Amino acid sequence: MAMEGAAQSEYNSSTEGIQEHSSSPRKSQSPPPSSDHDENKISIKFLLSNAEAGSIIGKGGSTISDFQSRSGARIQLSRNNEFFPGTMDRIVMVSGPIDDVLKAVDLILNKLLDESYVEDGGDVGLRSKVRLVVPNSSCGGIIGKGGSVIKSFIEDSRAGIKILPQDDNFPGLHDRLVIVIGTLGEQMRAIELILYKLAEDTHYVQNMNAPFPYAAYLGMNYGPPNGIGGRYPTNRYQNKMEPNSEDGNNSVTIGVADERIGLVLGRNGRSVMEISQVSGARIKISDRGDFMSGTSDRKVTITGSQRAISIAESMISKKVATVTES
């Protein structure tokens, strides 16, 4: 996967001299809404891991420049230490006329899908997940009265669409995640329908200019508030803090349901190694049959600085939560 290198300054700005153009007509089950919005610029945000962001940027910014030239849209990414609150994921914002934005998103998702297929040796499901970032005030339009709009989008696109609750652990955060699950074609149709609906929302169009207003959350812990696992009740998440005054480190033991521990381990231990490398924490998973007292949850012991533990906890909770989101 491509490294970001020294061209970081290029990634957060558009390529100069790009001429706007319409992409080829999109195939869909029914015609898109009126093209009255095509002349107006709009933006869409979604999340990428650091590795995915590096792949989209390409060596020296070559891939992102190519995608901008081919689509006519502007593609911006948050810096490699600027994450969406409560995650370890960067934000990508694609801006331009709707057709150009959709073409750019299609290029990005196509590349990620191809690389996932190669990395896993072809053993990968046809359905994947995209996490859109949408203002809370605009989610009502996507849902519709009695859920009518989102139901119609699901029927039309055949994708799974789920709007996650707003995260109250980050005061002042007014964005929610909209999960779109399906094949690439299903995802793109769903994103097309969502984007046209958002284009009808004047508030959305006027307030999508600031790409990454999340810097205020960089110093906040990513794990459960006060070290309490109640933030993840559906995952039967438990933890216990044991301060170690000798080396200045802390040790936290959390419980993860036995049937979901494989999500934390990953294939050949890749997931747990990635979590350890990114967070800087040491992670130990108990043997089979060694459970948290009174439960059938495996023990996951995380050792390191409080920040390292918080990051590791957040990454583990995200891995476990993928089951409930799919």
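The values are calculated or read from the model by the stated rules, or taken from the named source; none is laboratory data. Computed from a predicted model, the values in this text were never measured in an experiment. So basically every Cβ, Gly included, is an ideal-geometry build from the backbone, and we count neighbours across all protein chains shown. Accessible surface is based on the protein model in full, side chains and every heavy atom, while ligands, DNA and RNA are left aside. Shrake-Rupley method; radii C 1.70, N 1.55, O 1.52, S 1.80 Å.
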In what sequence, highest mean first, do 254-264, 270-280 appear when ranked by Cβ atoms within 10 angstrom? 254-264, 270-280
Sequence neighbours fewer than 8 away in the same chain don't count; with that in mind, list the lysines whose C-alpha is under 16 Å from Lys299. Lys240, Lys284, Lys319
Built amide H within the under 5 Å cut-off of Phe83, gap 5+: none
If we sort 95-107, 285-297 on the protection proxy, mean other Cβ atoms within 10 Å, highest first, what's the order? 95-107, 285-297
Check: region 270-316 dipole with +1 on Lys, Arg Cβ and -1 on Asp, Glu Cβ, in debye: 100
Protein accessible area in region 256-326, 1.4 Å probe - carbon and sulfur %: 49
Would you list, by chain and number, the lysines whose Cα falls below 20 Å from the Cα of Lys151, excluding same-chain residues fewer than 8 positions away? Lys129, Lys162, Lys197
Between the modelled labels at Ile143 and His174 (7 Å from Cα along Cα→Cβ) the distance in nm is 1.8
